[in-house]
Amino acid sequence: MPRSEHSPLLLAGLLASAGVAHFAAPRSFDATIPRALPGTPRTWTYASGVVELALAAGVAVPRTRRAAALATAAFFVGVFPANVQMAVDWRHRPAPLKAAALARLPLQVPLVLWARGVAKNQKGLS
């Protein structure tokens, strides 16, 4: 979890990169959408990309950073089922791919903590 004064901008960059990726290569994200969700996977892929771009913009701006960082933490919790779906679906893939899918699961914890830390550091600012 980055601790420098630039960590909000790093978080915004991570969110923006992920958001753009949802539009640049949607097929890989479609496969992670839990089948229990209504609608098409592509709709959820694009919607989550839009949310990531909006969160990136909010985290990048000091005036909206605290609220956006808290929303980002909630978003990271909310997309956890997609990571579980990916781990389940990839359980029979080659070992490196299976390991990557499994590694995504605990990665959510530091991402949530990072976003909460960004929000905490914004208390009383702006």
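Taken over the stretch 39-66, the criterion of being exposed (fewer than 14 other Cβ atoms within 10 Å of the Cβ), in contact with a helix residue (DSSP H, G or I) (Cβ under 9 Å, 6 or more places away or on another chain) and in contact (Cβ under 8 Å) with a residue 40 or more places away in the chain is satisfied by Pro62 alone. Helices (runs of 4 or more DSSP H) fully within the stretch 27-126 that include at least 1 residues being at pLDDT below 90: 80-89, 95-121.
Ala71: under 22 Å from Pro110 (Cβ atoms) and surrounded by fewer than 16 Cβ atoms within 10 Å (Cβ to Cβ), yes or no? Lay out the reasoning, then the answer.
On the way: under 22 Å from Pro110 (Cβ atoms): yes; surrounded by fewer than 16 Cβ atoms within 10 Å (Cβ to Cβ): no.
Against the criterion (under 22 Å from Pro110 (Cβ atoms) and surrounded by fewer than 16 Cβ atoms within 10 Å (Cβ to Cβ)), Ala71 does not qualify.
Can you list residue pairs whose Cβ atoms sit under 9 Å apart, with the first residue in the stretch 71-97 being of a type in the set (Asp, Glu) and the second being buried (at least 18 other Cβ atoms within 10 Å of the Cβ)? Count only pairs 6 or more apart in sequence or on different chains. Short answer, once both residue conditions are applied: Asp89/Thr32; Asp89/Ala101.
The test for being aliphatic (A, V, I, L, M) and under 17 Å from Ala82 (Cβ atoms) holds for Ala21.
For the stretch 54-97, how many residues are polar (S, T, N, Q) and touching a Leu at 6+ places or on another chain (Cβ under 9 Å)?
As a first pass, look at the stretch 54-97 and keep what is polar (S, T, N, Q): 64, 72, 83, 85.
Pick out the ones that are also touching a Leu at 6+ places or on another chain (Cβ under 9 Å) and you get 72, 83.
Qualifying residue count, the stretch 54-97: 2.
Using the structure shown, decide if Ala18 is more than 17 Å from Ala119 (Cβ to Cβ), assigned to a helix (DSSP H, G or I) and either modelled with pLDDT of 95 or more or not small (Gly, Ala, Ser) (or both). It would help to see each step written out before you state the result.
Numbers: more than 17 Å from Ala119 (Cβ to Cβ): yes; assigned to a helix (DSSP H, G or I): yes; either modelled with pLDDT of 95 or more or not small (Gly, Ala, Ser) (or both): yes.
In short, yes.
What number of residues in the stretch 52-97 are of a type in the set (S, T, N, Q) and over 17 Å from Leu10 (Cα atoms)?
We begin by selecting, within the stretch 52-97, every residue of a type in the set (S, T, N, Q); these are 64, 72, 83, 85.
Filter once more, keeping what is over 17 Å from Leu10 (Cα atoms): 83, 85.
Counting residues in the stretch 52-97 that are of a type in the set (S, T, N, Q) and over 17 Å from Leu10 (Cα atoms) gives 2.
The values are calculated or read from the model by the stated rules, or taken from the named source; none is laboratory data. All values reported here derive from a predicted model rather than from experimental measurement. Positions of Cβ are backbone-derived with ideal geometry, glycine not excepted, and every protein chain shown enters the neighbour counts.
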